[in-house]
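The structure appears right after this line, and notes come after that.
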Amino acid sequence: MHGSIAFPEYNPEAGDIDFYVITRRSLNGTEIKSVAHLHRSLAAKFEFGSKLDGFYIPYAAARMHENPRNLVYGAHGRIHRGGSDDAWALHREHFARSAFIRIYGPRASRILSRPNRKEIRSALYRQLVYVRKIIDSDPWWSVLNLCRLVYTFKTEHVAVSKLLAARWALKKLPSRWKPVIRSAVKRYKRTANRRDNTILRKDARKFLGFASVRVIAYDIASNSRQQETAYLRSSGTGTRG
């Protein structure tokens, strides 16, 4: 299990339960029907059952760097086919940073390779593109994910929860954005009121514009540091302590 459930601030009332199941091979039709029955039964008997959101990934696909596609996946108490994990690189970095809960099987490091910087950067920008698509339909989730994107590009730390990133943003970003961030947090925790929803509708898209500029600025600064470090190493002009 990974995602919010793997962090201390997990809120059972709010967050989904993200998971991976690594299988020896692709599931056949009979196995998919059995897994579908399992998900329906869990959703019917337990509150957490409808919150299970994850992929069944064949071992061969889990070993690859490319985003796994055409996957069997569970969501909202049902099994679906044809899924893809577009945040594959980010999830692998979470596993590399031990931001997960192992239920059964070998350590994640024995299966999943750690992503490189280019893979992580591409995955982060895909997240930004996705936020732009859903900013009006899911403003609270978008605001929290934007906080996480700004945090990640600034600190270069990927394994962070949305809530921790929001707390960081409340301290580090201009005060004008505090109301929309606080409203997004309250919406996540299911304590939002009508005023919070109004703030989110009014300011989420504005925050998107601000966050997008910050992401690009931090990315440019990070690339400059990377290039400078590479030059110093190649030229041998670095100083020694």
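The values are calculated or read from the model by the stated rules, or taken from the named source; none is laboratory data. All figures in this text were calculated on a predicted structure; none of them were measured in a lab. So basically every Cβ, Gly included, is an ideal-geometry build from the backbone, and we count neighbours across all protein chains shown.
Worth pointing out:
- Top-ranked residue of the range 161-190 - restricted to ones that are of a type in the set (S, T, N, Q) and touching a Lys or Arg at 6+ places or on another chain (Cβ under 9 Å), ranked as nearest to D16 (Cα to Cα): S161
- Failed item, numbered, when V180 is tested on (1) touching a Phe, Trp or Tyr at 6+ places or on another chain (Cβ under 8 Å); (2) within 19 Å of Y218 (Cα to Cα): (2)
- Any hit, the range 73-89, residues being touching a Lys or Arg at 6+ places or on another chain (Cβ under 6 Å) and either hydroxyl-bearing (S, T, Y) or assigned to a strand (DSSP E or B) (or both): yes
- Answer residue from the range 37-61, given it is of a type in the set (A, V, I, L, M, F, W, C) and surrounded by 17 or more Cβ atoms within 10 Å (Cβ to Cβ) and is farthest from G105 (Cα to Cα) among those: A43
- Any hit, the range 60-68, residues being of a type in the set (D, E, K, R), in a strand (DSSP E or B) and not assigned by TED's automatic domain parsing to the domain that holds H157: no
- The number of residues in the range 90-124 being surrounded by fewer than 17 Cβ atoms within 10 Å (Cβ to Cβ) and part of a loop (DSSP other than H, G, I, E, B) comes to 13.
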